Amino acid sequence: MTNAGIGRWSWMALVSGFIFLYVPIFILMFYSFNESRLVTVWAGFSIKWYGELFRDEQMMSAVWMSLKIAFLSASMAVVLGTMAAIAMVRFGRFRGKTMFTGMITAPLVMPEVITGLSLLLLFVTLSQALGWPAERGSVTIWIAHTTFCMAYVAVVVSSRLREFDRSLEEAAMDLGASRLGVFFRITLPIVAPALLAGWLLAFTLSLDDLVIASFVSGPGSTTLPMVVFSSVRLGVSPKINALATLLVLAVSMATFIAWWYMRRQELIRQKEIQSAFNK
């Protein structure tokens, strides 16, 4: 097969993949403006289901709960995941490093049912032994989400640290900078795109989680995926389409902003390296 034929088949495969992934999402967004209560029967254009969505107190409460937990979980996961990545990449060989690395990355391949059940048993044991947590709720969900999101952040940040040019840190220390100053002024700004990518990934995973949250949640701490799952079992409501449309738009905007920021940081870094070589 010629190069032109290979390129044509590659292009067709790419287009087919995008159609398979995104056409269902566009159909869902299209039917969110449907007048009919039946999501598969088009009865005219209307935005009434967006109004119904914002008047649904249970749905709005679940949205706020999920956003709050996702923000806190992603922030804590970035802190802990960055510390774990530094230990894996910068500390060289130490006793138990293989076990440490395996335990950090285990949540990546662990079934969510196992993770959720183990965390449930942990919280029950702690409650019986120490009296904490007194009941399962948003705090236990936050701890559980931080636990498995940290693994994803550690993998993203560690891959960036392995590509890091340590001569920049050595040059800064030769000029009199302390290790702490080098970390905050040199290392963190350079790995900031990886931190942002890890935060966005952790935020999305926390916002999307259903299985683990179902195990560790309690009365009054219902997350958005739990509400959506319970409502879909009785039939898909057009309000779900409206909610999904808003989430897709929010995620798309956040992804574009993150891409623009990372591209801008990369261009700045390349200009700084080029100016350093020119000197």
Check: How large is the helix-only mean residue ellipticity at 222 nm for the chain, computed as the sum of -39500 (n - 2.57) over DSSP H runs with n ≥ 4, divided by its residue count, in deg cm²/dmol to the nearest 500?
Finding: -26500 deg cm²/dmol
Item checked: Relative contact order %, the chain, counting alpha carbon pairs below 8 Å whose residues are six or more apart -> 30
Check: Can you sort LEU175, LEU117 so the residue with the fewest Cβ neighbours within 10 Å comes first?
Finding: LEU175, LEU117
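In which sequence would MET99, MET262 go, from the one with the fewest C-beta neighbours within 10 Å to the one with the most?
In order of increasing Cβ crowding within 10 Å: MET99, MET262.
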Checklist line | Global form of segment 176-279, assessed from the alpha-carbon gyration tensor, a/c cut-off 1.5 | finding: oblate
Next item on the list: When a/c is below 1.5 the answer is rounded, else prolate if a/b is larger than b/c, else oblate, so apply that to segment 1-134 with a ≥ b ≥ c taken from the square roots of the Cα gyration tensor eigenvalues.
Entry: oblate
Check: Dividing the convex hull volume of the alpha carbon atoms of segment 62-278 by its residue count, what do you get in Å³ per residue?
Finding: 147
Check: Where in the chain are the DSSP H helices whose alpha-carbon span along the long axis reaches 15 Å or more and whose Kyte-Doolittle mean is at least 0.0?
Finding: 3-31, 57-90, 97-109, 112-130, 138-162, 188-208, 238-278
Notebook entry, point to check: What residues have an amide H closer than 5 Å to that of ASN34, excluding those fewer than 5 places away on the same chain, when H is modeled at 1.01 Å from N in the peptide plane?
Noted result: SER46
Margin query: Please arrange VAL113, VAL39 by how many other C-beta atoms lie within 10 Å of their C-beta, fewest to most.
Written below: VAL113, VAL39
Notebook entry, point to check: Taking Cα centroids, how far is segment 91-111 from segment 186-208 in Å?
Noted result: 20
Next item on the list: Using 0.36 nm per residue of separation minus the Cα-Cα distance, give me the extension gain between ALA87 and PHE45 in nm, one decimal.
Entry: 9.6 nm
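Values quoted throughout were computed directly from the atomic coordinates according to the rules given, and no laboratory measurement underlies them. Just so it is clear, the structure is predicted and the values come from calculations on it, not from any experiment. Glycine gets a Cβ as well: all are built from the backbone with ideal geometry, and neighbour counts include every protein chain shown.
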